[in-house]
Amino acid sequence: MSHGIVSVGYEGRDIDAFVSELVAAGVDTVADVRLNPISRKPGFSKTRLTEALERVGISYVHLRSLGNPKSNREPFWSGRAEEGKAVFRGLLEASDSSSALQRLSDMAGDQVVAVLCFENDHEQCHRQVVIDEVTRAHPVPVLALR
């Protein structure tokens with residue numbers, strides 16, 4: 001892929017394997033769509049993740065306005081992902097996320113961007129809504145890393 005989106009979650013991965021997978025997929029930039037870019041999992045908080053990515057030439061950007069609020073996480077955790085996605089779509093429409101979506105779209109138009117959150121399965125994560133919004137407006141190739 002010369003441009004487009006790679007959907008990836010770090011659940012079940014360690015930082016070294018995660019970074020290696022991104023390199024193998026040709027990722028240029030990681031777009032972190034977690035509301036708060038912190039993690040109890042070693043290496044996946046913003047500062048350490050940025051450092052690990054920079055060592056292999058991958059850029060990092062945090063798109064906070066594309067994060068899923070704590071109040072909408074339970075549906076994803078309890079097997080009601082479609083409900084959570086519907087709520088998140090409404091939140092995107094009501095928020096100031098359009099500039100972040102446009103930024104992500106612009107990046108995906110000329111490089112490979114990994115859209116990052118925790119969940120391994122993109123169908124069980126709000127990042128799928130983000131990707132759907134970007135590709136609906138500007139079709140680009142999408143690859144899901146599992």
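The values are calculated or read from the model by the stated rules, or taken from the named source; none is laboratory data. This structure is a prediction, so every number in the text was calculated from the model and none was measured. Glycine also receives a Cβ, built like all others from the backbone with ideal geometry; neighbour counts cover every protein chain displayed. In case anyone asks, the SASA skips ligands and DNA or RNA and just uses the protein heavy atoms, side chains included. Shrake-Rupley method; radii C 1.70, N 1.55, O 1.52, S 1.80 Å.
Tabulated data for the structure shown
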quantity	calculated
Flag for Ser105 being at pLDDT 95 or above and in contact with an Asp or Glu (Cβ under 7 Å, 6 or more places away or on another chain)	no
Unique residue being of a type in the set (D, E, K, R), free of Cβ contacts under 8 Å to residues at least 12 places away in the same chain and open to solvent by 80 Å² or more (accessible area, probe 1.4 Å) when the list is Asp106, Asp14, Asp96, Asp110	Asp106
One residue from Pro42, Pro37 being farther than 20 Å from Leu143 by Cβ, touching a strand residue (DSSP E or B) at 6+ places or on another chain (Cβ under 7 Å), not basic (Lys, Arg) and not in a strand (DSSP E or B)	Pro37
Residue in the stretch 64-89 that is most open to solvent (accessible area, probe 1.4 Å), counting only those that are hydrophobic (A, V, I, L, M, F, W, C), within 29 Å of Ala17 (Cβ to Cβ) and free of Cβ contacts under 8 Å to residues at least 60 places away in the same chain	Trp77
